[in-house]
Every structure is written in C-alpha cells, then in structure tokens.
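What follows is a set of notes on a single structure, which appears directly below.
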Amino acid sequence: MTDRRQQLARNLAKVEDRIAAACSAAGRDREEVTLVVVTKTYPASDVRILSELGVRHVAENRDQDAAPKAAACADLPLMWHFVGQLQTNKVRSVAGYARFVQSIDRARLVTALSREAVRAEREITCLLQVALDAGESGRGERGGVGPEGIGELAGLVAGADGLRLGGLMTVAPLTGPYAGRQQAAFERLMDLSTALRADHPAANMVSAGMSADLEQAVAAGATHVRVGTAVLGVRPGLG
Ligand SMILES: *Cc1c(COP(=O)(O)O)cnc(C)c1O
C-alpha cells in the first residue's frame with residue numbers, strides 16, 4: 001500500500017467508527033446513514049483510492065474542479081454530489097456528472113437544472129439547502145433558502161421534469177441563534193424535514209453534519225453526513 005492509501009484507509013476507518021458509534025448511541029441502524037466524502041481541493045487520484053476503499057458517494061463544491069475530476073473518474077462506480085453554491089451558467093456542466101445536487105436554493109436554479117437534466121437524459125436528485133440563519137431577505141449568507149421558502153421551492157422541484165425531490169440539506173450556521181448549537185440546528189432541520197414529508201413523503205433525505213459535527217447530525221436523525229477533512233486531511237487554503 002502507498003502512504004496515501006494507508007492514510008486514507010486509516011482516516012476512513014476512524015470516520016466509519018465515529019458514524020457507527022453515533023448510530024449506536026442514537027439507537028439507529030448504521031445503514032440509515034450514508035457517508036458522502038467531500039473530495040474538494042484533493043486530486044482525482046485520491047478519489048480513485050477512496051473508490052477502491054469502498055466509498056460510493058463523493059461530493060464537490062466547485063464545478064471548475066469537479067468536472068475534470070468526475071471525467072477522470074468516469075470508470076469508477078461513484079455517485080457525485082454537488083454541494084456548493086451553484087450559478088446557473090454552470091448548471092449544464094454539473095448536470096453532466098452530478099446524481100445529486102444538495103444546494104438548490106432558488107427557483108431559477110430549478111428551471112435551469114430541469115432543462116439540463118432533460119437535455120442530458122438524466123435524473124438528478126435535488127436537496128433544498130436550508131439557511132437556518134437566513135436574514136430578512138429569506139436567504140443565507142452562504143446560500144440556502146430560509147425555512148419559510150421551503151414549501152414553494154419543493155413544489156417547483158417536485159413538478160420539474162428530470163428532477164426528483166430528495167429532501168433537505170443544511171450547514172450548521174456560524175451566526176444567528178444557532179451559532180455554536182449544531183445539535184439544535186440539526187434538530188430544527190429534522191422538524192422541517194418532517195413538515196416537508198407531509199406533502200412529499202418520498203423526500204426523506206436529510207443531509208447534515210461534517211467532520212466536526214457528524215455525531216450531532218446522526219443524533220438528530222441525519223441520513224447523509226458530508227465529511228471532508230476527517231478523511232482527506234486539512235485542506236490547504238480556502239475551500
Ligand atoms: C467542505 C464541505 C463539507 C465538508 O467539510 P469538512 O469540515 O471538511 O468535513 C461539507 N459540506 C459542504 C457543503 C462543504 O462545502
């Protein structure tokens with residue numbers, strides 16, 4: 001084994017242990033939680049190793065990096081998630097490789113993604129990114145729709161060709177009433193998910209929790225955790 005492979009295998013095993021322990025503490029089955037490894041800023045060679053180690057879900061937040069990486073890994077049995085703020089001019093590219101877009105936060109994006117999914121003859125599962133720190137604009141600083149905008153946006157996705165409404169996603173807020181209260185934030189997301197499922201029973205995905213707070217997310221009921229640093233290492237610079 002190469003050094004990098006050993007390192008990734010070791011990190012992955014630790015994250016696996018953490019998820020298993022969190023599931024067990026919450027009385028949940030391990031199968032209820034899907035690990036999505038966020039590979040942003042790391043090379044396609046790492047993605048390849050992760051695939052060999054059994055990872056099936058990977059995520060990226062910038063199309064410029066994701067598109068070539070997905071192309072370089074097209075032979076692997078991976079499902080790509082897009083988790084970053086998405087501009088409409090990148091939608092055609094993203095629709096070419098993403099099975100999941102977790103950052104749907106406005107109507108224009110739904111229209112554009114639907115058009116490109118149909119053109120590419122693909123079905124894209126969409127999660128609405130919820131901003132629990134949304135200000136009066138109804139939007140979060142780092143993207144996301146405020147809780148009061150979920151119903152309308154969900155209806156749009158559910159009615160759009162080429163798209164499937166998967167559920168909700170959030171990033172624990174750094175500001176506002178939920179700052180430093182990850183578990184409370186994730187519990188709020190679960191309540192919003194329960195409300196969403198009253199109208200859209202199949203939209204049962206709840207994506208919450210990252211390297212630092214995956215335990216709180218699993219405790220709150222998350223179905224998907226998005227883990228970068230704890231598997232790949234601390235990212236150089238921003239990202
Ligand atoms: C980078 C990123 C993650 C992973 O964060 P880590 O702290 O590295 O685990 C999860 N979700 C989103 C939306 C991200 O951009």
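Some notes on this structure:
- Each peptide among 24-36, 131-143 gets the average number of other Cβ atoms lying within 10 Å of its residues, and from highest to lowest they stand as 131-143, 24-36.
- Per-residue extension of 0.36 nm, minus the Cα-Cα distance of Thr175 and Met190, leaves a gain of 3.4 nm for this segment.
- Whole-number percent relative contact order across the chain, with pairs defined as alpha carbons under 8 Å at least 6 apart: 19 percent
- For region 126-239: rounded, prolate or oblate by the Cα gyration tensor [a/c cutoff 1.5]: prolate
- Highest to lowest packing among 101-111, 164-174, scored as the average C-beta count within 10 Å: 164-174, 101-111
- Comparing mean-square fluctuations of Ala217, Ala71, Ala203 from a GNM of the chain with C-alpha springs under 10 Å, the top value falls on Ala71.
- Residues Asp199 and Arg56, FRET efficiency given R0 of 22 Å [Cβ-Cβ distance, rounded to 0.05]: 0.15
- Anisotropy class of region 3-231 from Cα gyration tensor, a/c 1.5 cut: oblate
- Note on Lys90: aspartates and glutamates with a C-alpha under 16 Å away, same-chain residues under 8 apart excluded, are Glu60, Asp63, Asp65, Asp105, Glu116.
- Computed from label points 7 Å out along Cα-Cβ, the spacing between Gln87 and Glu16 is 4.0 nm.
- Extension gain, Ala9 back to Ala25 (0.36 nm per residue minus Cα-Cα distance, nm): 3.3 nm
We did not get these values from a lab; they are worked out from the coordinates using the rules stated. Being a predicted model, the structure only gives us computed values, none of them experimental. Every residue, glycine as well, gets a Cβ built from its backbone with ideal geometry; the counts of neighbours run over all protein chains shown.
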